[in-house]
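Quick notes on the structure that follows.
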Amino acid sequence: MARMPMTSRRQCEGRRRFPNTYLLVGCCNDEVTHRYKGKTVMSESERYESLRHCKWVDEVITDAPWVLNQEFIDKHKIDYVAHDALPYADSSGAGNDVYEFVKSIGKFKETKRTDGISTSDVIMRILKDYNKYVMRNLARGYSRKDLGVSYVKEKQLRVNMGITKFREKVKDHQQKLHTVAKTAGSHPNLWLENADRWVVGFLAKFEEGCHAMETAIKEAIQESLRRQSSRELIDRYFPYPTIDDVQKYRSPSH
């Protein structure tokens with residue numbers, strides 16, 4: 001059974017150890033998984049469908065329970081339940097291990113765990129490079145609202161994108177100049193003929209990178225000033241009522 005979709009390696013191992021078996025894979029729904037494990041990246045329908053497309057799986061049991069019991073085992077005529085041997089903490093409070101009951105009745109079969117591909121590992125890899133993924137999608141045309149980032153965060157990332165591109169261009173030109181320097185040692189005339197063109201090209205790229213970074217910073221400052229001006233206008237023409245105003249409004253004459 002699976003809290004989340006089982007790895008193909010585990011499914012393959014179960015098939016090889018029991019070649020004439022009918023492999024069932026149970027997958028919990030969103031409500032149960034979010035309650036006992038946490039927010040998932042894939043929806044329940046996506047998890048079900050990904051399991052159905054695994055060649056080792058014969059049948060997917062949707063809405064599987066978090067902790068297996070005798071009723072569930074009898075209903076689906078399950079002979080053995082396969083999972084790695086490490087205890088899986090039972091956050092539902094039914095026991096110390098979600099497979100405790102299955103182990104107690106001798107229906108548990110140990111499989112090998114594939115390191116580095118658990119949901120926690122995948123999410124940590126995404127969070128580690130979060131800014132890179134946001135910058136990549138911004139460059140591909142996604143808006144900050146699509147990505148759930150603030151205005152300030154977007155401007156900050158766009159400035160970083162400009163700086164990164166500028167560094168890449170500088171590095172590229174440094175490599176070209178390094179190659180040219182080597183060539184100049186054996187072909188001094190070639191260096192003299194092309195030096196001006198190479199230097200002008202480098203300076204043009206340098207200016208382009210600085211302009212992009214300057215534009216991004218100016219936009220951020222201008223937007224901040226516009227917001228500040230809007231707040232000042234609102235405060236000027238629609239001031240908050242004072243205590244005297246409130247008492248005057250509540251007087252019998254009103």
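For the reader, a short list of remarks on this structure follows.
- In the set Arg125, Arg158, only one residue is open to solvent by 40 Å² or more (accessible area, probe 1.4 Å), touching a residue at least 24 places away in the same chain (Cβ under 8 Å), of a type outside the set (S, T, N, Q) and part of a helix (DSSP H, G or I); that residue is Arg158.
- Cβ-Cβ contacts under 7 Å between residues 6 or more apart (or on different chains), taken from a first residue in the stretch 63-74 that is in contact (Cβ under 8 Å) with a residue 40 or more places away in the chain and of a type in the set (Phe, Trp, Tyr) to a second residue that is assigned to a loop (DSSP other than H, G, I, E, B) and surrounded by fewer than 16 Cβ atoms within 10 Å (Cβ to Cβ), are listed as Trp66/Ser92.
- Among the candidates Asn189, Asn194, residue that is open to solvent by 50 Å² or more (accessible area, probe 1.4 Å), modelled with pLDDT under 80 and part of a helix (DSSP H, G or I): Asn189
- Test for Val102: is it more than 30 Å from Ile217 (Cβ to Cβ) and of a type in the set (A, V, I, L, M, F, W, C): yes
- Where His76 falls short, out of the listed (1) farther than 22 Å from Arg113 by Cα; (2) touching a Ser or Thr at 6+ places or on another chain (Cβ under 8 Å): (2)
The values are calculated or read from the model by the stated rules, or taken from the named source; none is laboratory data. None of these values were measured; they are calculated from a predicted model. With ideal geometry, Cβ positions are generated from the backbone for all residues, glycine too; neighbour counts draw on all protein chains shown. The area values use the complete protein model at the heavy-atom level, side chains included, leaving out ligands, DNA and RNA. Shrake-Rupley method; radii C 1.70, N 1.55, O 1.52, S 1.80 Å.
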